[in-house]
Amino acid sequence: MSTAAEPAVQYRIGNEKLICITDPASRKLRALLEKQGRPEGALRVAVIGGGCSGLQYKMDLVDGPANRDIMVHSRDVRVVVDPKSALFVSGSELDFSEDLQKGGFKVTNPNAVAHCSCGESFSA
């Protein structure tokens, strides 16, 4: 009994001009991926509609890229971005802070023209 092979995922390789990861973010992401049992996984960064300013970031840990994604290797971490989100995140930096008030992952995005006061959404 033969089974049809699944088609290979078609994705592109990008570079840190699209998005780069700081050392603290890299350490945290590697730890999270290890904890989930997928050390070869990736962080998916997407831009979706919503939030006070119109756009917000969505981040998920995934096994790897999907069709049409752009994959960036930065500081020993793989980041995948869909083509539409890539238009909004180009040139961004992802950082991580342990700060109790404003801790967590933060995106510094040169394309954002306005941010809301909560810091969770932006407009471009």
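Between ARG68 and THR108, what is the label-point separation in nm under the 7 Å Cα-to-beta-carbon projection?
The modelled label-to-label distance comes out at 3.2 nm.
When ranked by the protection proxy of mean other Cβ atoms within 10 Å per residue, highest first, what sequence do the peptides 71-81, 23-33 form?
The densest-packed peptide leads the list: 71-81, 23-33.
Taking amide H atoms as placed 1.01 Å from N in the peptide plane, list the residues 5 or more away in sequence, or in a different chain, whose amide H sits under 5 Å from that of SER74.
Result for SER74 returns VAL79.
Under a crude label model (7 Å from the Cα following the beta-carbon direction), how far is GLU40 from ALA8 in nanometres?
1.5 nm
Where a number appears in this text, it was derived from the coordinates with a stated rule and is not lab data. All values reported here derive from a predicted model rather than from experimental measurement. Counting neighbours? That spans all protein chains shown, and the Cβs are built from the backbone with ideal geometry, glycine included.
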